[in-house]
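Chemist: Take this structure, written in structure tokens, and hold onto it; I'll ask about it next.
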């Protein structure tokens, strides 16, 4: 029983980070109906930028802020440079093109920063709290991760539910033509979706890096988890992405705890297949069904 | 055959519009005008091209030839999202509300074209400092009050009866304070009592606003319109007052010739 609690506690922060990554995928899907397989490549790239800033200035926080700004910019650049031109021809082509972006970013990162894994130490203590005579697998850093994710998700939900631009983004996601008729500048909303997704992904990258190491391909595995969470959540539901992101994190922690962490991706894929078999539209989706 | 009515002030007009899709002629030299301050009807059997006229006017469809004029100026390269800012508002066949947004949010969207602040400023603005947000909200509530649906503000479209959804859609079209309202079958799917109310409502907007009405329900068209254009197979076949159109032999022929299964048309015949 105490193992079970330990595993769950250990999975909370990675679940929160997966929730952010899933959120980024959902934001892009909602704006352009494209699954951005380069999302975590963008996050990897901006995390390297954070690492560089941190090495130069000694400030983790400044690194985070610069990475967020870079994530925003990279999102916009990818949208204008790759997605918009390709999508004009073919939507599925745009999805394939995101793989191209992923490979290009990984190659570029290897050229700039080298391909070897680099340490990205946590800014604060990452050893577990001690209480009731034992050490629990939940550290001050986990708390920082959790707090950051909560703040970001709350900020996003305020933007989406309480501002004109959030309203316009939700409308554009659902029905661009009607949104245009209502005077919404839909194309701007698409760009904004990619920008916010880039920012959210950048935060996820900086937060997840201390949990392992940073290399051009070290985030690839998280794409499997984040994609699973996003799809099960309904792919167009922000709430679904957060709920199933955390859920996926916890499942992975349990699987890794009771068996071996190398089984985690397999379990994620099994979840994905089950979802597609029994509830292909996702749990929180507005739409009745999706072609898969 | 072309009809040229003495249009003193056509606020919105099409001039010799032709549209074809894949070899099929949808509109053939269609010139119609909407006098400022009038309720103008556009009728015709199914497939006559009425909605295509709307689509050309709102820039959804680019005509092969001809032009659209608004306030005397030719409209070209109209971006759909600019329409509300220009004072043109359109409702869609059916309802066209966003099912995941509340009635209030749906109506607030209609004022989007009037939101001036940039996206970054807006995204960063906190709700309690956002005066513009409040302004949009007040406008939306005023429009909903005018349509008698303010009490539904926090409900989702799926939770309302169909006629109420139609009213919310009308409120969204009104909230941008348009000069011209293009209404695509506003009476579709609503009952007789609601239709009378709709007729009164439409009349109450003129002459401050101008209305173009595409509608199958002839009682409504005959009752509220000052001027009616009749399309058949992509051509204007008649125009005039309700009385003139009702007695026009070409109109009678067009409706009689149709394999008619809709009761509404009998009103014309």
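The values are calculated or read from the model by the stated rules, or taken from the named source; none is laboratory data. A quick note: this is a predicted structure, and the numbers were derived from the prediction, not measured. Glycine also receives a Cβ, built like all others from the backbone with ideal geometry; neighbour counts cover every protein chain displayed.
Chemist: Kindly check whether there is at least one residue in the stretch B:128-149 that is touching a residue at least 40 places away in the same chain (Cβ under 8 Å) and touching a strand residue (DSSP E or B) at 6+ places or on another chain (Cβ under 7 Å).
Modeler: no
Chemist: With respect to residue A:254, determine if the residue is more than 16 Å from the chain's Cα centre (by Cα), surrounded by 15 or more Cβ atoms within 10 Å (Cβ to Cβ) and at pLDDT 90 or above. Before you say what the answer is, go through the steps one by one.
Modeler: Values: more than 16 Å from the chain's Cα centre (by Cα): yes; surrounded by 15 or more Cβ atoms within 10 Å (Cβ to Cβ): yes; at pLDDT 90 or above: yes.
It is true that residue A:254 is more than 16 Å from the chain's Cα centre (by Cα), surrounded by 15 or more Cβ atoms within 10 Å (Cβ to Cβ) and at pLDDT 90 or above.
Chemist: Does residue A:218 satisfy the criteria of being over 23 Å from residue A:151 (Cβ atoms), within 14 Å of chain B (Cβ to nearest Cβ) and either in contact with a helix residue (DSSP H, G or I) (Cβ under 9 Å, 6 or more places away or on another chain) or outside any helix (DSSP H, G or I) (or both)?
Modeler: Judged against the criteria, residue A:218 is not a match.
Chemist: Given the structure, is residue B:155 modelled with pLDDT of 90 or more, assigned by TED's automatic domain parsing to the domain that holds residue B:54 and more than 24 Å from residue B:51 (Cβ to Cβ)?
Modeler: no
Chemist: If residue A:152 satisfies every condition in (1) away from chain B (no Cβ under 14 Å); (2) under 23 Å from residue A:69 (Cβ atoms); (3) surrounded by 15 or more Cβ atoms within 10 Å (Cβ to Cβ) but one, which is the exception?
Modeler: Answer for residue A:152: the failing condition is (1).
Chemist: Going by the conditions given, is residue A:209 part of a helix (DSSP H, G or I) and more than 14 Å from chain B (Cβ to nearest Cβ)?
Modeler: Yes, satisfied.
Chemist: Now a separate question. Take the stretch B:38-62 and flag every residue that is at pLDDT below 90 and either assigned to a loop (DSSP other than H, G, I, E, B) or closer than 15 Å to residue B:227 by Cα (or both).
Modeler: B:44, B:45, B:46, B:47, B:48, B:49, B:58, B:59, B:60, B:61, B:62
Chemist: Could you give every pair whose Cβ atoms fall below 7 Å, whose first residue belongs to the stretch A:180-198 and is more than 8 Å from chain B (Cβ to nearest Cβ) and closer than 20 Å to residue A:65 by Cα, and whose second residue is surrounded by fewer than 24 Cβ atoms within 10 Å (Cβ to Cβ) and at pLDDT 90 or above, counting only separations of at least 6 or pairs across chains?
Modeler: Filtered contacts from the stretch A:180-198: A:194/A:76; A:195/A:72; A:195/A:76; A:198/A:72.
Chemist: Test each condition in (1) in the same structural domain as residue B:189 (by TED's automatic domain parsing); (2) surrounded by fewer than 23 Cβ atoms within 10 Å (Cβ to Cβ); (3) in contact with a strand residue (DSSP E or B) (Cβ under 9 Å, 6 or more places away or on another chain) for residue B:77 and report the one that comes out false.
Modeler: (3)
Chemist: Given the options B:97, B:109, B:83, name the one that is buried (at least 24 other Cβ atoms within 10 Å of the Cβ), within 9 Å of chain A (Cβ to nearest Cβ) and free of Cβ contacts under 8 Å to residues at least 60 places away in the same chain. Can you show your working first?
Modeler: Details: B:97 fails: free of Cβ contacts under 8 Å to residues at least 60 places away in the same chain; B:109 fails: free of Cβ contacts under 8 Å to residues at least 60 places away in the same chain.
Sole residue among the options that is buried (at least 24 other Cβ atoms within 10 Å of the Cβ), within 9 Å of chain A (Cβ to nearest Cβ) and free of Cβ contacts under 8 Å to residues at least 60 places away in the same chain: B:83.
Chemist: Those residues that are assigned to a loop (DSSP other than H, G, I, E, B) and under 16 Å from residue B:97 (Cβ atoms), I need them from the stretch B:136-162; list them, please.
Modeler: Listed by number, the residues that qualify are B:147, B:149, B:153, B:154, B:155, B:156, B:160, B:161.
Chemist: Out of A:62, A:9, which single residue is farther than 29 Å from residue A:234 by Cβ and surrounded by fewer than 19 Cβ atoms within 10 Å (Cβ to Cβ)?
Modeler: A:62
Chemist: Determine which single condition residue B:187 fails, assuming it passes every other condition in (1) touching a helix residue (DSSP H, G or I) at 6+ places or on another chain (Cβ under 7 Å); (2) in contact (Cβ under 8 Å) with a residue 40 or more places away in the chain.
Modeler: (2)
Chemist: For the stretch A:107-121, does any single residue satisfy the condition of being part of a loop (DSSP other than H, G, I, E, B) and touching a helix residue (DSSP H, G or I) at 6+ places or on another chain (Cβ under 7 Å)? Explain how you work it out, then say what you get.
Modeler: So in the stretch A:107-121, the residues part of a loop (DSSP other than H, G, I, E, B) come out as A:114-117, A:119-121.
From the residues that got through so far, the ones that are touching a helix residue (DSSP H, G or I) at 6+ places or on another chain (Cβ under 7 Å) too are A:120-121.
For the stretch A:107-121, residues part of a loop (DSSP other than H, G, I, E, B) and touching a helix residue (DSSP H, G or I) at 6+ places or on another chain (Cβ under 7 Å): present.
Chemist: Same structure, new question: Determine whether residue A:51 is touching a residue at least 40 places away in the same chain (Cβ under 8 Å), more than 26 Å from residue A:189 (Cα to Cα) and surrounded by 15 or more Cβ atoms within 10 Å (Cβ to Cβ).
Modeler: Against the criterion (touching a residue at least 40 places away in the same chain (Cβ under 8 Å), more than 26 Å from residue A:189 (Cα to Cα) and surrounded by 15 or more Cβ atoms within 10 Å (Cβ to Cβ)), residue A:51 qualifies.
Chemist: Within the group B:14, B:91, B:40, which residue is under 28 Å from residue B:204 (Cα atoms) and within 14 Å of chain A (Cβ to nearest Cβ)?
Modeler: B:91
Chemist: Given B:139, B:179, which one is at pLDDT below 90, under 23 Å from residue B:202 (Cβ atoms) and either buried (at least 18 other Cβ atoms within 10 Å of the Cβ) or away from chain A (no Cβ under 11 Å) (or both)?
Modeler: Result of the check over B:139, B:179: B:139.
Chemist: Right, next: Only one of these is surrounded by 14 or more Cβ atoms within 10 Å (Cβ to Cβ), outside any loop (DSSP other than H, G, I, E, B), over 21 Å from the mean Cα position of the chain (by Cα) and at negative phi: A:86, A:101. Name it. Full working, then the answer.
Modeler: Details: A:101 fails: over 21 Å from the mean Cα position of the chain (by Cα).
Being surrounded by 14 or more Cβ atoms within 10 Å (Cβ to Cβ), outside any loop (DSSP other than H, G, I, E, B), over 21 Å from the mean Cα position of the chain (by Cα) and at negative phi holds for just one of A:86, A:101, which is A:86.
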